[in-house]
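Input: a single structure, listed below in structure tokens.
The values are calculated or read from the model by the stated rules, or taken from the named source; none is laboratory data. Remember, it's a predicted structure, so these values are computed and weren't measured experimentally. Don't worry about glycine lacking a Cβ; one is built from the backbone with ideal geometry, like all the others, and counts go over all protein chains shown. Keep in mind that these areas ignore ligands, DNA and RNA; they rest on the heavy atoms of the full protein, side chains included. Shrake-Rupley method; radii C 1.70, N 1.55, O 1.52, S 1.80 Å.
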Amino acid sequence: MAGLPEHLLRRSAEARAKAEGRDVEEILAEMKGEAPAPEAAAPAPVAPAQPAATPAATAPAPASATGGVRDIATESAATGVPEALLQRAMEGRARKEGKPVPTMAAAPAATAAPVAAAPAPAAAAPPAIPDGVTTQRLLTVVKAGAIQQVKSSPADKVNVWPHLLAIEFVALMVVMAGLIIFSVFVDAPLLEFANFNEQPNPSKAPWYFLGLQELLSYFDPQVAGVIIPTFGVIGLAMIPYVDKNPAVRPSDRKLAIMIFSFFLFGAAILTTYGSFFRGPGFNFSFPWVDGIFFDF
Amino acid sequence: MANGNGRVGLKERLSQAGDHIRSSEVWTSIFRPGSPFRYGYTDSPRNRSYVIMNNVLYHLHPVKVKRHAVRLSYTLCLGGLSFFLFILLTITGIFLMFYYRPTSPQAYLDIQALSTDVAFGQLVRNMHRWGAHLMVLTVFLHMARVFYHGAYKPPREFNWVVGIVLLLLTLLLSFTGYLLPWDQLALWAVTVGSNMGAYAPVVGDQVSFALIGGVQITPDTLLRWYVLHVLFLPFIIVIFMAVHFWRVRKDGGISGPL
């Protein structure tokens, strides 16, 4: 099992523990070669590329349990991992666990368990690879997620057709019908021909600018006509970059909702006020007393 | 199949002709696999996917959406309705262009003639005007809806900014259209509105001069705003809409439930 990343080993151990009903840590230790595998539960790990080495593959694991010295040469022959890498992995593991760094095993057969000794010679000769066949070995496992984030968490989804398209179609029909019916009964305004010499009193901007026009009667034009709208638009565009709170539940973002609602209602009130409560000379007037000075 | 007289009935003939047309090469080339109009269509999960995947609608909608996204009460269809109103305004606007000349007395006379001489002229003009006001409203409400759902949060920050640009372009489109009837309402509302822009420091006068085509609104302004209204601003807003819709898809579709 040399050279496999820790998290893959663990996943494999967990799966096996679940299947065999045993403790994960026990299996993990066994896979790492730190504890002898029980005889009953030691299926030979299959190395498909090297069927000849299969009996030997199990051997190095228990062998290393006997002491700090492992049979690197045998293990290398069995697993196909170069000796240098095995040695480095062993040193690294030893350093991590605080044990003395083991040296390269000089006498493999002596320290290895008897089971390992017998099949080892068979594994010493790797299977012949025919000419022209390129073999590959695992260098490293790169975790997914570097280039493209795969979101595979299952979500409750429905087909756009017919579920969404049907709703959209009905919504469009309803709005179009409403618009046509409204347009049949209410005509768009058309006043007298444009006359540069006769300014109506009051003169009002289109309704969506009436909030600003209302502000003009309180503040200097520089403030009401320039600074407030400029900062309004910039502030609006900057909301996502200022509001760093990741929550979407209304109860978790009371401040943001409060501030936005304040400006929203402020704009609505100013617009309503400018539209319906401003009469001749843009002075205050009650619409039910002096009439409505407002055109769409 | 024959009826009692040994002759093929009309219904049968029509059905056969329909099948023949729908399995022809021309028909098959128009309706891609999965189209409900295609010969042999069945309502299967596979075809439900193909309806979207093999359709120009695939630019707007994925094959599947989260179940909560279908609930009308979640989006109120406001974004979709804004887009629909834009299309409706384009169609009615093209109709109006056939009868409108952006010159000084003529513009007003054309609008008058529209309501008296042209079939459905008044109705289409009404739809254009009320639709425009409605679009300002739906775009604005769409923005509020997105805010209250927190749908501007990462990774959707930039799409919110694109949305703000779309809101401003919508207002500009509405405002430039406001002048075109060339009546008292149009002239003075636009005068008041564009006077506000002239207060901008440093560039205010220049921007105002360029937009109005002079120091004050003149008949020349009419032509200028007409071109802005029917060509320039729609061109810009379509580009931003394309980015907006594309980002909705790329940022993971519609936002999650509250």
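For the reader, a short list of remarks on this structure follows.
- Note on the stretch A:167-182: among residues that are open to solvent by less than 50 Å² (accessible area, probe 1.4 Å) and more than 7 Å from every other protein chain (Cβ to nearest Cβ), the one that is farthest from B:Val51 (Cα to Cα) is A:Gly178.
- Residue that is farthest from A:Asp290 (Cα to Cα), among those in the stretch A:234-251 that are facing chain B (nearest Cβ under 7 Å) and of a type in the set (Val, Ile, Thr): A:Val248
- Restricted to the stretch A:1-11, and to residues there that are open to solvent by less than 50 Å² (accessible area, probe 1.4 Å) and either aliphatic (A, V, I, L, M) or modelled with pLDDT of 80 or more (or both), the residue that is nearest to the chain's Cα centre (by Cα) is A:Leu8.
- Exactly one residue out of B:Val118, B:Val192 is more than 7 Å from chain A (Cβ to nearest Cβ) and without any contact (Cβ under 8 Å) to a residue 24 or more places away in the chain: that is B:Val118.
- Test result for B:Pro154, facing chain A (nearest Cβ under 9 Å), outside any helix (DSSP H, G or I) and either modelled with pLDDT under 95 or farther than 30 Å from A:Glu192 by Cα (or both): yes
- Residues located in the stretch A:269-293, provided they are over 10 Å from A:Leu210 (Cα atoms) and among the polar types (S, T, N, Q): A:Asn283, A:Ser285
- When B:Met135 is tested against the conditions (1) open to solvent by 30 Å² or more (accessible area, probe 1.4 Å); (2) in a helix (DSSP H, G or I); (3) touching a residue at least 40 places away in the same chain (Cβ under 8 Å), the lone failure is (1).
- Tally, over the stretch B:246-257, of residues that are within 22 Å of the chain's Cα centre (by Cα) and either under 20 Å from B:Gln106 (Cα atoms) or open to solvent by 50 Å² or more (accessible area, probe 1.4 Å) (or both): 5
- Single unsatisfied condition, B:Val118 versus (1) in a loop (DSSP other than H, G, I, E, B); (2) over 24 Å from B:Pro219 (Cβ atoms): (2)
- Test: A:Ile269 is part of a helix (DSSP H, G or I) and surrounded by 11 or more Cβ atoms within 10 Å (Cβ to Cβ): yes
- Entirely in the stretch A:82-158, the helices (runs of 4 or more DSSP H) that have 1 or more residues that are at pLDDT below 60: A:108-111, A:114-117, A:120-124
- A:Val226 falls short of the stated requirement of being at pLDDT 90 or above, at the interface with chain B (Cβ under 8 Å from one of its Cβ atoms), assigned to a helix (DSSP H, G or I) and surrounded by fewer than 20 Cβ atoms within 10 Å (Cβ to Cβ).
- Being surrounded by 18 or more Cβ atoms within 10 Å (Cβ to Cβ) and facing another protein chain (nearest Cβ under 8 Å) is a condition met by at least one residue of the stretch B:96-108.
- Among the residues making up the stretch A:185-215, those that are assigned to a helix (DSSP H, G or I) and more than 7 Å from every other protein chain (Cβ to nearest Cβ) are A:Phe185, A:Trp207, A:Leu210, A:Gly211, A:Glu214, A:Leu215.
- Here B:Trp182 fits the description: touching a strand residue (DSSP E or B) at 6+ places or on another chain (Cβ under 8 Å) and of a type outside the set (D, E, K, R).
- Pairs where the first residue, in the stretch A:252-264, is at the interface with chain B (Cβ under 10 Å from one of its Cβ atoms) and the second is part of a helix (DSSP H, G or I) and surrounded by 13 or more Cβ atoms within 10 Å (Cβ to Cβ), C-beta under 7 Å, 6+ apart: A:Ile257/A:Pro250; A:Ile257/B:Tyr148; A:Phe260/B:Phe147; A:Leu264/B:Ala144
- In the stretch B:199-214, the residues that are more than 17 Å from A:Ile227 (Cα to Cα) form Cβ pairs under 7 Å with partners that are modelled with pLDDT of 80 or more and surrounded by fewer than 16 Cβ atoms within 10 Å (Cβ to Cβ), at six or more places apart or across chains, as follows: B:Phe209/B:Val215; B:Gly213/B:Asp220; B:Gly214/B:Asp220.
- Test for B:His142: is it of a type outside the set (Lys, Arg), assigned to a helix (DSSP H, G or I) and more than 10 Å from chain A (Cβ to nearest Cβ): yes
- Filter result (at the interface with chain A (Cβ under 7 Å from one of its Cβ atoms) and more than 18 Å from the chain's Cα centre (by Cα)) within the stretch B:60-95: B:Pro62, B:Val63, B:Lys64, B:Val65, B:Lys66, B:Arg67, B:Val70, B:Leu72
- When residues of the stretch B:182-235 are limited to those that are surrounded by fewer than 19 Cβ atoms within 10 Å (Cβ to Cβ) and of a type in the set (Asp, Glu), the one modelled with the lowest pLDDT: B:Asp205
- Restricted to the stretch A:237-249, and to residues there that are open to solvent by 40 Å² or more (accessible area, probe 1.4 Å) and not in a loop (DSSP other than H, G, I, E, B), the residue that is nearest to A:Ile269 (Cα to Cα) is A:Met238.
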